[in-house]
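Enquirer: Please read through the structure below; I'll follow up with questions.
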């Protein structure tokens with residue numbers, strides 16, 4: 001008995017799984033989202049099971065199964081292509097982040113070098129003014145002058161200062177390992193709970 005697989009599937013049950021792209025009402029083509037592909041795969045599998053359940057003979061079931069393999073394969077291929085696309089995008093973004101981090105380090109190093117050069121220049125100018133006993137020197141555009149400020153300098157650690165001139169700061173840190181162990185044993189701790197967190201890993 002010849003079995004026409006598509007004709008045995010209820011009308012409107014199957015999506016169009018063969019293409020990993022879809023066309024919008026405006027005529028533009030875009031790649032199907034992973035959600036859309038997963039929906040297509042679910043629809044294909046559901047239609048396959050319904051159609052297979054309606055087969056009357058073993059021969060019918062065999063021909064339906066063979067006919068559905070390519071259709072399911074196309075959906076799976078589209079899903080794999082979409083996942084690979086996501087993977088390539090993630091790798092590209094991570095590479096860009098690593099590049100920018102390296103650039104940030106180089107820019108920060110250059111900034112520190114320039115700041116140090118500026119500080120050395122200020123010190124040289126200050127030393128020259130002090131050496132010649134001058135507090136102010138005027139140019140055609142700029143004026144350079146020295147100012148004297150009084151700054152507090154501690155010669156001992158704060159813990160060794162007189163008690164009336166120091167304060168003690170107390171900080172609290174959670175003992176996370178002990179808290180996790182206690183929660184795992186069923187202990188109720190006010191202010192601490194275990195929550196599941198789902199993350200995505202792309203290899």
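Enquirer: Only one of 113, 108, 182 is surrounded by 10 or more Cβ atoms within 10 Å (Cβ to Cβ), modelled with pLDDT of 90 or more and under 30 Å from residue 91 (Cα atoms); which?
Expert: Values: 113 fails: under 30 Å from residue 91 (Cα atoms); 182 fails: under 30 Å from residue 91 (Cα atoms).
None of the other options fit; the residue is 108.
Enquirer: Scan segment 126-142 and report the pairs whose first residue is assigned to a strand (DSSP E or B) and whose second residue is surrounded by 10 or more Cβ atoms within 10 Å (Cβ to Cβ), with Cβ atoms within less than 7 Å and a gap of 6+ or a chain change.
Expert: Close Cβ pairs (under 7 Å, with a partner that is surrounded by 10 or more Cβ atoms within 10 Å (Cβ to Cβ)) amount to 136/145; 137/129; 137/144.
Enquirer: Looking for whichever is in a loop (DSSP other than H, G, I, E, B), over 30 Å from the mean Cα position of the chain (by Cα), at pLDDT below 60 and surrounded by 12 or more Cβ atoms within 10 Å (Cβ to Cβ) here; the options are 15, 10. Which one fits?
Expert: 15
Enquirer: Condition test on residue 55, is it modelled with pLDDT of 70 or more and in a loop (DSSP other than H, G, I, E, B)?
Expert: Spelling it out, residue 55 is indeed modelled with pLDDT of 70 or more and in a loop (DSSP other than H, G, I, E, B).
Enquirer: Just wondering, is there one or more residues in segment 36-44 that are surrounded by 14 or more Cβ atoms within 10 Å (Cβ to Cβ), over 28 Å from residue 203 (Cβ atoms) and at pLDDT 75 or above?
Expert: yes
The values are calculated or read from the model by the stated rules, or taken from the named source; none is laboratory data. These figures come from a predicted structure and were not determined experimentally. No Cβ is skipped: glycine too gets one built from the backbone with ideal geometry, and neighbour counts run over all protein chains shown.
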